[in-house]
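What follows is a single structure, written as structure tokens, with notes after it.
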């Protein structure tokens, strides 16, 4: 059976232990686009518009209204490459071989392009086609609604912008204002189009000097997007994941993974290396000089207030944030940071010819405990120098790719000593920046409800979190995609105590089930994982509050204050790893 068929059969059945109302519109949308994507030819995005609107997505609240939903539009363009407005066709495939087999040879000779808000290996042919590498069906559940939302909102914007007076104003902004509407020109443009000035300003932050030109392009041209899915069987995804791990093994000639115990971490590429190397803390004077000479007023004021203890913000977190700004201005700093990481044995392995998930390998015995962040120090931490264990940190995969990645790694190593997941989530009862610690996860992929002993409690995170609140004993739901949720759907789960909505916990727990049980994970069952032989820790920090209309990361950016929950959770993860490993030494 093809993977698409499996998906359709699963989406028709809901977990008997969880209420199902509020999901039929989402199921209809899923069935619609998966049935169309079975076609061997491209599918026009416009055929999905009505199903998308009927879903009443919480992330696209104005989909069926005449006024533009700028939060949804910005969310979409941040998760696609900048060439989005030039595209006619988006092609999805698992590997270079799959693309070649379907008549798209040498896609990697096309221009590689990136999206600010999504990690997907993508190649633009310079004309109107984009080849996108996908790691699992979750990429489909992410890409399709993004493209449909973009198509809907672009049509609305064209109607508002395709007027003589608006076009003349945009041309004036392009020719005399550096392409960015501001001041009186921003007010005039808002008045002419009916688009709130704050939304126009937010979009100008994304597009910069291209803003007027991109608006003119929308006004003066029609764009009809199509999408095509190549292959799509479970075997195709497994083959792609195997190629990804073989690339990791090739970069480790001196480390034989099947002989080493592993602590698996799913997080990001910056917080764990920053904490372990302590590099930013040891170049504070250089960072201070950069802030003084080049930093914004807000940045300078925040650093001053931290030093004067006028605010409770973490000095260390601020330096990690400022380091990124410094690196953008000075590539030599990046080279020095990477050198400092190599000195503690950290190996960064970018993906090649497959989906875009970086891996970091860190031997615990190589960590310099005198240089790492002080928050990580534990009694007898020096004993780590005798450890044979490795930390394997993956740049968190999207949705079902998490299952693919964890199960592939588990098949190729000696022993798992812990699985620790840090990720973003939407909160139904908290605020942006809060941390949720679930002990129950309902997974919309497998339809299982997982019960597990989360090794973290609020007391493990709270001492390191300044601005947010830590809530443990929460119930999480793993959704198939960010657009694939509506208010009715959320309300039903909220009534049952589910407050934490995210995309990876369920697939990871399905992978853990197969690591501790002698069979494939079940479907549509209540699953007890309390007897796992290794610690399992899941920490989510809130990046969205979907019950607040339009309050998503298309409308807001966590920016500096996102450092607070990110580093609080990573400190807790590393301390947990050290405690467990010290008990083995």
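The values are calculated or read from the model by the stated rules, or taken from the named source; none is laboratory data. Keep in mind the model is a prediction, meaning the values are calculated, not measured. Glycine also receives a Cβ, built like all others from the backbone with ideal geometry; neighbour counts cover every protein chain displayed.
If the condition is being touching a residue at least 40 places away in the same chain (Cβ under 8 Å) and closer than 16 Å to residue 271 by Cα, then region 327-348 contributes 337, 340, 341, 344, 346, 347, 348. Evaluating residue 557 against the criteria (1) within 21 Å of residue 478 (Cα to Cα); (2) modelled with pLDDT under 95; (3) within 25 Å of the chain's Cα centre (by Cα) leaves one unmet condition, (1). Answer yes or no: is there a residue in region 177-185 that is in contact with a strand residue (DSSP E or B) (Cβ under 7 Å, 6 or more places away or on another chain), at positive phi and surrounded by fewer than 20 Cβ atoms within 10 Å (Cβ to Cβ). Checking region 177-185: not a single residue is in contact with a strand residue (DSSP E or B) (Cβ under 7 Å, 6 or more places away or on another chain), at positive phi and surrounded by fewer than 20 Cβ atoms within 10 Å (Cβ to Cβ).
Each residue in region 166-202 was checked for being under 24 Å from residue 65 (Cα atoms) and more than 30 Å from the chain's Cα centre (by Cα), and 11 pass. Would you say residue 305 is more than 30 Å from residue 572 (Cα to Cα) and without any contact (Cβ under 8 Å) to a residue 12 or more places away in the chain? Criteria not met by residue 305. May I ask you to verify whether residue 395 is out of contact with any helix residue (DSSP H, G or I) (no Cβ under 9 Å at 6 or more places or on another chain), under 26 Å from residue 246 (Cβ atoms), at pLDDT 90 or above and not assigned by TED's automatic domain parsing to the domain that holds residue 149? Here the answer is yes, as residue 395 does meet what is asked.
Does residue 241 qualify as being surrounded by fewer than 18 Cβ atoms within 10 Å (Cβ to Cβ) and modelled with pLDDT of 90 or more? The answer is no for residue 241. Within this structure, residue 354 fails the test of being surrounded by 21 or more Cβ atoms within 10 Å (Cβ to Cβ), in contact with a strand residue (DSSP E or B) (Cβ under 8 Å, 6 or more places away or on another chain) and in a helix (DSSP H, G or I). Restricted to helices (runs of 4 or more DSSP H) entirely inside region 159-250, those with at least 1 residues that are without any contact (Cβ under 8 Å) to a residue 12 or more places away in the chain and over 30 Å from residue 349 (Cα atoms) are 164-176, 183-193, 197-207.
For residue 130, the criteria (1) assigned to a loop (DSSP other than H, G, I, E, B); (2) under 30 Å from residue 350 (Cβ atoms) hold in every case but one, which is (1). Looking at residue 406, is it modelled with pLDDT of 95 or more, under 23 Å from residue 347 (Cα atoms) and under 18 Å from the mean Cα position of the chain (by Cα)? The answer is yes for residue 406.
Taken over region 447-463, the residue count meeting the criterion of being out of contact with any strand residue (DSSP E or B) (no Cβ under 8 Å at 6 or more places or on another chain) and at pLDDT 95 or above is 3.
Restricted to region 89-100, and to residues there that are outside any loop (DSSP other than H, G, I, E, B) and touching a residue at least 60 places away in the same chain (Cβ under 8 Å), the residue that is surrounded by the fewest Cβ atoms within 10 Å (Cβ to Cβ) is 89.
Considering every residue within region 517-531, establish whether at least one is surrounded by fewer than 24 Cβ atoms within 10 Å (Cβ to Cβ) and modelled with pLDDT under 90. No: region 517-531 contains no residue that is surrounded by fewer than 24 Cβ atoms within 10 Å (Cβ to Cβ) and modelled with pLDDT under 90.
Any residue at all in region 331-340 that's surrounded by 13 or more Cβ atoms within 10 Å (Cβ to Cβ) and closer than 17 Å to residue 251 by Cβ? Within region 331-340, one or more residues are surrounded by 13 or more Cβ atoms within 10 Å (Cβ to Cβ) and closer than 17 Å to residue 251 by Cβ. Among the residues that make up region 341-351, is at least one of them in a helix (DSSP H, G or I) and within 30 Å of residue 120 (Cβ to Cβ)? Among the residues of region 341-351, at least one is in a helix (DSSP H, G or I) and within 30 Å of residue 120 (Cβ to Cβ), which makes the answer yes.
Residues of region 475-492 that are in contact with a strand residue (DSSP E or B) (Cβ under 6 Å, 6 or more places away or on another chain) and either crowded, with 24+ Cβ neighbours inside 10 Å or in a loop (DSSP other than H, G, I, E, B) (or both): 476, 477, 478, 479, 483. Please determine whether any residue of region 357-364 is in contact with a strand residue (DSSP E or B) (Cβ under 7 Å, 6 or more places away or on another chain), modelled with pLDDT of 95 or more and farther than 13 Å from residue 269 by Cβ. Looking through region 357-364, at least one residue is in contact with a strand residue (DSSP E or B) (Cβ under 7 Å, 6 or more places away or on another chain), modelled with pLDDT of 95 or more and farther than 13 Å from residue 269 by Cβ. State whether one or more residues within region 258-266 are farther than 30 Å from residue 134 by Cβ, in the same structural domain as residue 354 (by TED's automatic domain parsing) and either exposed (fewer than 13 other Cβ atoms within 10 Å of the Cβ) or out of contact with any strand residue (DSSP E or B) (no Cβ under 9 Å at 6 or more places or on another chain) (or both). Checked region 258-266: at least one residue is farther than 30 Å from residue 134 by Cβ, in the same structural domain as residue 354 (by TED's automatic domain parsing) and either exposed (fewer than 13 other Cβ atoms within 10 Å of the Cβ) or out of contact with any strand residue (DSSP E or B) (no Cβ under 9 Å at 6 or more places or on another chain) (or both). Residue 469 fulfils the conditions (1) surrounded by fewer than 20 Cβ atoms within 10 Å (Cβ to Cβ); (2) at pLDDT below 90; (3) within 30 Å of residue 78 (Cα to Cα) except for a single criterion, (2).
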